[in-house]
Each structure stands twice: as structure tokens, then as C-alpha cells.
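Asker: Just passing along the structure, written as C-alpha cells.
Just so you know, all these numbers are worked out from the coordinates, no wet-lab data involved. None of the values given here were measured: they were computed from a predicted structure. No Cβ is skipped: glycine too gets one built from the backbone with ideal geometry, and neighbour counts run over all protein chains shown.
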Amino acid sequence: MHIGTFSPVLGTMLELRLDGDPGAFAAAEQAALDVFEQGEARFSTFRADSELVRWRSGESDQCSPDLAAVLAAAADWHELSAGAFHPATRKLTDRWRRAEVEGSLPERSEVAELTPALPYRMDAGQVLRTGDCSGVDLNAIAKGYLVDRAGEAAFAVPGITTMVVNVGGDLRHLGKGSTKVGIEDPARPFDNLPPRWQVEISNQALATSGYARRGFRVAEAWLGHVLDPRSGWPVAHTASVSVIAADAMTADALATVLGVAPLSEALSFAAKHSLSCLLVSAEGSVQASEQWPS
């Protein structure tokens, strides 16, 4: 198997694992990289010229098929999760970043008001603004979408029989065989330690979300980066969520939904929708859905 690593891609490390005709590897890598380059131009919140930034500011009313697809998926997950997934949390995140600088926690009543109603709706495939879209941020779902598109582009290159794409923990496998994926212990997120769990996937995707490596440090308090859009407060009950799904965008969204919900609600949601997930509580207890591989 050929392994290629590239950085930075979406602000993190990209790993591509390819099997098949060695003569096809370079073309497959380039096909995947092209998708990520185009994705940055579409979804980046750090580029003033990105399509998302221009659309949410009102500078442009048009949405490409890619942007419309991700906005539509985000709206669907917002409804299905009863607001646990929300694509308009930029102002909330900005407030917590300010709290880090100021060194003091905000009032709960203040942050609870920073998440608006969904400020757009879909109509026959078209995106229609219904409110202030300046806070729309698709980071919780766009990475999974691009992992899917990049993986499909690489796998479509003649001669490629197996493709694995991994971007910062969002992973997709396509083709022959399977791949083993390690999941770290959120209580011991050290690069020199072996993963605590290992799972095997085939023509599936896996996403893991948690607060071990990312969060807000406010004075002496460490708070996870996953924010509950319904309360405005960082999630404290769940340390890590891993989800196996048919595609990376679905796994990405579900990792957020299940991480925001209290553990009992998350497990009920997983059971209702036959989801494959592994949840680790802040206290270290581990619970898996019935669909999670043994």
C-alpha cells in the first residue's frame, strides 16, 4: 500500500493510503488534493473570498451545488437533532474565544442568546436567507463532505483498487478489503501512546469528536470546544464520540449530535436510528451502541 501525507490541508494533516497500480498513485493523490483545494475556496471561514463568506455576508446570492448541498444537509441535521446540530454558531464560538482572552466566564444567559433560529431554508434545492446568516459556520460538516468527495475522486482514477483518506480524524474507506482505525483514549491524548480502541471498517467512514485536544482555556478552567447551541455552554458530560457511518459527512454530523446530547439521550438517539457509535463520558465510562463492532 502506498501512503502519502500532506500538510496543511483544512488546517490539519491529510493521509492518503492507496492500493492498485503504482502508476495511478500520483493521479489519485492529485485528484484528492484538487478537491480539498476547491473546498477551501468554497467553505473556508478564514478567507474573505471564499464562497461561504461571500454568501453569508450577502455579497453573493448564488450557491454552488457543493455549498447548497452542505447547507441543505446542515439544515436537515438541525431539524433531526432538535437543534443539537446548528450551522450558525460562529458568534457563540467567537464569544468563547473572547472569554479566553478576558480570562473570565461569560454569563449563561448571555451565551444562551447567541445562537439564532436557523437563518435560511431550502426551497426546491435553492438556499433562501430568512435571517442574519453572518454566523453560519459549516466546519462541523464540511470537512466530512470534502473527505467523501476527495475519496471518491481518488478512487475513480483507473487502476486504484483501494483508497483510504484521513483528515484530522475524519476517515473514509473505499474499495477492496478493509482498514483498521485506532481511537485514542480521551483521558490520555498523547501521540506516543497506542490507541485504546481499534475498529475495522470497509467501504464506510469514521469520525471522532471530543475535547481532549481542542477547547477553551478560560482562566484556570479547561472547557471543550464542542458547544451546545441550545444552552451556549461547552459540553462537559462527554469526552469523546466515535461514529461509523456510510459516509464521512454523516459520521461528522452524528459525532457532533451525539456529543452534544446527554449520554442517555445520545444512546437513545443511536438506538432509534440504528447508529454505530462509541461514547466515552467525562468520568471515563465507555458505552457503545448495539451496532458498534465488538
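Asker: Taking H placed 1.01 Å from N in the peptide plane, check which residues at least 5 places from Met13 or on another chain put their amide H under 5 Å from its amide H.
Answerer: Gly168
Asker: Return the sequence-ordered ³J(HN,Hα) values of the stretch 16-22 in whole Hz as given by the Karplus equation 6.51 cos²θ - 1.76 cosθ + 1.60 applied to θ = phi - 60°, using x for Gly and Pro.
Answerer: Ordered by residue, 3J(HN,Hα) equals 10, 10, 10, 10, x, 6, x Hz.
Asker: Now, a different point. Pop the C-beta distance of Glu37 and Ser104 into the FRET formula with R0 = 45 Å and round what comes out to the nearest 0.05.
Answerer: Working from the Cβ atoms, E equals 0.65.
Asker: Just want to confirm a number: the relative contact order over the stretch 2-288, from Cα pairs under 8 angstrom separated by 6+ residues, in percent.
Answerer: It comes to 18 percent, rounded to a whole number.
Asker: Convert each backbone phi in the stretch 280-285 into a coupling constant with the Karplus relation 6.51 cos²θ - 1.76 cosθ + 1.60 (shift: θ = phi - 60°), then list the ³J(HN,Hα) values in order as whole Hz, x for Gly and Pro.
Answerer: 10, 6, 4, 7, x, 6
Asker: Same structure, new question: Quick one: 3J(HN,Hα) in Hz for the stretch 169-181, Karplus 6.51/-1.76/1.60 with θ = phi - 60°, rounded, Gly and Pro as x.
Answerer: Going residue by residue, I get x, 8, 10, 9, 10, 9, x, 6, x, 8, 9, 8, 10 Hz, with x marking Gly and Pro.
Asker: Using the basic label-point model (7 angstrom from Cα toward the beta carbon), what is the Ser294 to Leu128 distance in nanometres?
Answerer: Reported label-point gap for Ser294 and Leu128 is 5.3 nm.
Asker: Using helices alone, I'd like the mean residue ellipticity at 222 nm for the chain: each DSSP H run of four-plus residues gives -39500 (n - 2.57), total over residue count, nearest 500.
Answerer: Result for the chain: -10500 deg cm²/dmol, rounded to the nearest 500.
Asker: Let me ask another. Compute the semi-axes of the equivalent ellipsoid of the chain, taking the square root of 5 times each eigenvalue of the Cα gyration tensor, and list them largest first in whole Å.
Answerer: Rounded to whole Å, the semi-axes are 30, 25, 18.
Asker: Length gain on complete extension for the stretch Ala69 to Arg214, per 0.36 nm per residue less the alpha carbon to alpha carbon distance?
Answerer: Full extension from Ala69 to Arg214 adds 49.5 nm.
Asker: Of Asn203, Gly39, Ala253, which is farthest along the charge dipole of the chain in the positive direction, counting Lys and Arg as +1 and Asp and Glu as -1 at C-beta?
Answerer: Result: Ala253.
Asker: Reachable lysines from Lys180, Cα under 26 Å, same-chain residues fewer than 8 places away excluded?
Answerer: Within the straight-line cut-off, Lys180 pairs with Lys143.
Asker: Same structure, new question: May I ask you to list the aspartates and glutamates whose Cα is less than 13 Å away from that of Lys272, ignoring any residue fewer than eight positions away on the same chain?
Answerer: Filter leaves Glu290.
Asker: Quick one: check the C-alpha center-to-center distance for the stretch 128-198 versus the stretch 267-294, whole angstrom.
Answerer: Between the Cα centres of the stretch 128-198 and the stretch 267-294 lies a distance of 19 Å.
Asker: Give me Tyr145, Tyr211 ranked fewest to most by other Cβ atoms within 10 Å of their Cβ, as a rough exposure proxy.
Answerer: Tyr211, Tyr145
Asker: I'd like the distance separating the alpha-carbon centroids of the stretch 17-92 and the stretch 242-256, in whole Å.
Answerer: Each part reduced to its Cα centre gives a spacing of 15 Å.
Asker: Using unit Cβ charges (K, R positive; D, E negative) and no other charged atoms, how large, in debye to the nearest 20, is the dipole of the stretch 1-130 about its Cα centre?
Answerer: Roughly 460 debye, rounded to the nearest 20.
Asker: Same structure again: Exposure proxy check: Asp61, Asp19 ranked by fewest other beta carbons within 10 Å?
Answerer: Going from least to most buried by this count: Asp61, Asp19.
Asker: Amide H to amide H, which residues 5 or more places from Ser64 or on other chains are under 5 Å from it, using H placed in the peptide plane?
Answerer: Amide H to amide H, under 5 Å and 5 or more residues apart or across chains, Ser64 pairs with nothing.
Asker: So if R0 is 30 Å, what FRET efficiency would Ala271 and Ala187 give, r being the distance between their Cβ atoms, rounded to the nearest 0.05?
Answerer: 0.70
Asker: Which of the trypsin sites (Lys or Arg not before Pro) across the stretch 26-74 are loop residues per DSSP, with 15 or fewer other Cβ within 10 Å?
Answerer: Arg47
Asker: On the first, second and third principal axes, largest extent first, how far apart are the outermost C-alpha atoms of the stretch 108-244 in Å?
Answerer: So the three principal-axis extents are 55, 46, 18 Å.
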